[in-house]
1. Can you give the calculated 222 nm mean residue ellipticity of the chain, where each DSSP H run of n ≥ 4 adds -39,500 (n - 2.57) and the sum is split over every residue, rounded to the nearest 500 deg cm²/dmol?
2. Could you list 393, 302 so that the one with the fewest beta carbons within 10 Å of its beta carbon is first and the one with the most is last?
3. Exposure proxy check: 76, 219 ranked by fewest other beta carbons within 10 Å?
4. In square nanometres, what is one fourth of the surface area of the convex hull spanned by the alpha carbons of the chain?
5. Residue 102's amide H: which non-local residues (gap 5+, or another chain) put their own amide H closer than 5 Å, with H modeled 1.01 Å from N in plane and none for Pro or chain starts?
6. Multiplying the sequence separation of residue 141 and residue 364 by 0.36 nm and subtracting their Cα-Cα distance, what value in nm do you get?
7. Considering only C-alpha atoms, what is the centroid distance from the range 97-142 to the range 240-316, in Å?
8. Evaluate E = 1/(1 + (r/R0)^6) for residue 216 and residue 383, where r is the Cβ-Cβ distance and R0 equals 35 Å; express this FRET efficiency to the nearest 0.05.
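Throughout, read-outs are computed from the coordinates displayed, never taken from laboratory work. Just so we're clear, the structure is a prediction, and the values are computed from it rather than from any experiment. Here the Cβ is made from the backbone with ideal geometry for all residues, glycine too, and neighbour counts use every protein chain on show.
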Amino acid sequence: MYKKIIILLCIGVFWVDGWAQDRPAELSGLESEMSNLTNRLQGLVDIHGFLSQGYFSSSDNNYFGSSEDGSFDYTEYGLAFHSRLSDQLTLGIQFFSREMGGYTTDGVQIDWAFADYGYREWLGVRVGRVNVPLLGMYNDTRDIDAARVPVILPQSMYQESRRDINFGINGIEPYGSIDWGDWGGLDYEMWLGGTKSDVSTSASKSLSEDGSVVYEKGETDYLAGVALSWGTPLQGLRFTGTCAEFNDLIFVGQTSNRFALGSGYDVEGEFETLGFYVGGMEYEQGPFLFATEYHIMRGDLHTTFHNTPLGTFSRDFLVEQEGYYFMATYQLTERVSFGSYYSVFYRDKEDRDGTKQVAQGRISKPFQQWQKDLAVSLRFDLTEHWIAKAELHAIDGAGQVASVDNPGGMEEDWFLYLFKLTYSF
């Protein structure tokens, strides 16, 4: 299996390299057209965008949907517009669409759209739909493929299944930078607003651990939070922290045929409060970058089943998930970068071996309690605008594998590999 995956990675890298060398005219022509379009609108609005096509496959366990047989259902594209109306006021909007196996948007959606007023360096405010660093230091830039080496960020923190509800809010975001002189500087962001998820986003799929409930949509009264980033006196070193809380986060859906009393019964799952607490560190020096983050997600989930043969009844359990990672990347040449990370996730930080959850019937095998992921990434910059990536994951556990996608059961040890080609401008 190792040999097979390594061969596939090598073939992928050499294929994109040869493709770029054999087709300079096609690449140059497309870049020229995009440059002409941007130039025609110069002075009115800044335009940026990206197009991505990927492939993912797993040796065992369907991940991101149906991955065991391999899938090209991995596309992303976005188009962003910025217009500076004055020295202090900027308007921006991004249209976005993606398909990643079972995680898709409902066509093209507005990813973010806001007015940004920068009063002073120490105080500005964004109003509208804004992206926030809820899950960590890379959450608000996770769509910018050119900004990182990995194909996907560590899933212990930046779960693809929850991107849509954890990425942005409809509300207000004050921000600023404070100069501390010899002590460096402090960047801060605060936010208050609402967010929602519908069936097309699949954020709710991960909430049903045993697949007995299919949640269709969710929303919250509000999400409030603050993120701090301290740029230390040591060049390239920063420490970050985030504290955020959902208030009255509600998901609605129906039972599936895995529910003991049958399918089709209405279900409502509610977190009165759901907290996220994140701490991290990043050190960047020349071509080298090292980053690590740790987070806890904690809340009491109250689930109500309506009009079942046993009537309407409820059940409660504490959600206390934990995740962390260590990541290092290095730019070897102007065109080639590589990196690796080790990512660890636990469904229940107080039951890391899974024995308690198995006894409670929430999972069938202990290894569904954790997911430990060792990833190796290779990035190849074909041109200024084209990027090719290949990535291998050796995974122990299935803590983030959806039961509903694996009706035949799961394997503890498995591999995931991904390829991705991105054009950005």
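1. Values: 4 runs with 48 residues, N = 425.
-3500 deg cm²/dmol, from helical runs alone.
2. Values: 393 23, 302 15.
Listed from fewest to most nearby Cβ atoms, that is 302, 393.
3. On the way: 76 19, 219 15.
Going from sparsest to densest Cβ surroundings: 219, 76.
4. 21.4 nm²
5. Residues meeting the criterion, in which the H sits 1.01 Å from N, are 65, 66.
6. Values: separation 223, 0.36 × 223 = 80.28 nm, distance 3.63 nm.
Full-extension gain reported as 76.7 nm.
7. The range 97-142 and the range 240-316 have Cα centres spaced 20 Å from each other.
8. Numbers: r = 43 Å, r/R0 = 1.22.
The value I calculate is 0.25.
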